[in-house]
Amino acid sequence: MDALALLTGDHNRVRGLFARFKTAKEAENTDEMTTLGAKIFEELEVHTTIEEEIFYPAVRNLDEELEETVDEGVQEHHVVKVLMEEMAALEPGGDDWVAKMTVLIENVEHHAEEEEQEMFPEVRSSTDAKTLEQLASQLEARKAELGAPVMAQAIDLTKEALLDLAREQEIPNRSTMSKEELAATVDAR
Ligand SMILES: [Fe+2]
Ligand SMILES: [Fe+2]
């Protein structure tokens, strides 16, 4: 497992939560939206923390392009955090709360796409496999400290069990994932 695969796993787990949120929104299921909203916040708090504490500082100085992409990434995280703070003061499931969540989801989807399509390939070509594996260990350790789902909780499951979880959690592209990728993506807590 390398750092880029670990972070992409986080992205796909959140994409699954977004898909479930959109279904709950269409069904006007306030309880489900509230539950999923809390999970989404928890995931985003951990993910932005590990990127800002560990990943971004480690890759920012690799080249000038990354310096710029990372600085923009930090500001995109900031926008999401402002939305989360504003939402904390609103009634969960209320019209304003749902509108802010919809904008938050659009922002995060765009941000994750940019990381995967611009930042991560640039990181991969500017560093080596060993560094990316060491970074993954640091990210995984910090996630465990923060109480987030980690690969260690899933790696002993069979591929079939992992796929079942991925289906329940609406993880995109699950059918093309390896066992390791599934383990890095599902929430097996
Ligand atoms: Fe990010
Ligand atoms: Fe990310």
Worksheet, complete the sentence: Env charge @ Val46, Cβ radius under 15 Å, K,R +1 / D,E -1, value -4
Fill in: the chain - mean residue ellipticity at 222 nm from DSSP helices (-39,500 (n - 2.57) per run, n ≥ 4, rounded to 500)
-23500 deg cm²/dmol
Worksheet item: Can you give the FRET efficiency for Glu53 and Ala19, using 1/(1 + (r/R0)^6), R0 = 35 Å, r = Cβ-Cβ distance, to the nearest 0.05?
Response: 0.80
Practice prompt. For the range 1-81, give the percent of accessible area contributed by carbon and sulfur heavy atoms, probe 1.4 Å, rounded to a whole number.
Written response: 47
Worksheet item: Expressed as a rounded percentage, what relative contact order does the chain have, with Cα pairs under 8 Å and six or more residues apart?
Response: 37
Worksheet entry | Inter-label distance for Glu65 and Lys39, nm, one decimal - labels placed 7 Å from Cα along Cα-to-Cβ | 3.6
Response to the item:
At R0 = 30 Å the Cβ-Cβ FRET efficiency linking Ala152 and Asp95, nearest 0.05, sits at 0.15
Discussion item. Going by Cα centres, the range 149-176 and the range 66-126 are how many Å apart?
Written reply: 24
Item to complete: Take the chain, connect every pair of alpha-carbon atoms lying under 10 Å apart with a spring to form a Gaussian network, then pick out the residue of Ala89, Ala38, Ala58 with the largest mean-square fluctuation.
Response: Ala89
Discussion item. Restricting to lysines 8 or more places apart or on different chains, can you count the pairs in the range 61-182 with Cα atoms under 26 Å from each other?
Written reply: 7
Worksheet, complete the sentence: In terms of the alpha carbon gyration tensor, root eigenvalues a ≥ b ≥ c, rounded if a/c is under 1.5 and otherwise prolate when a/b exceeds b/c or oblate, the chain is oblate
Practice prompt. Would you tell me the accessible area of Leu146, worked out with a 1.4 angstrom probe on the heavy atoms of the protein chains, in Å² to the nearest 10?
Written response: 70
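The values are calculated or read from the model by the stated rules, or taken from the named source; none is laboratory data. Since we're looking at a predicted model, the values are computed, not measured. Because the Cβ atoms are built from the backbone with ideal geometry, glycine has one as well, and the counts that use them run over all protein chains shown. In case anyone asks, the SASA skips ligands and DNA or RNA and just uses the protein heavy atoms, side chains included. Shrake-Rupley method; radii C 1.70, N 1.55, O 1.52, S 1.80 Å.
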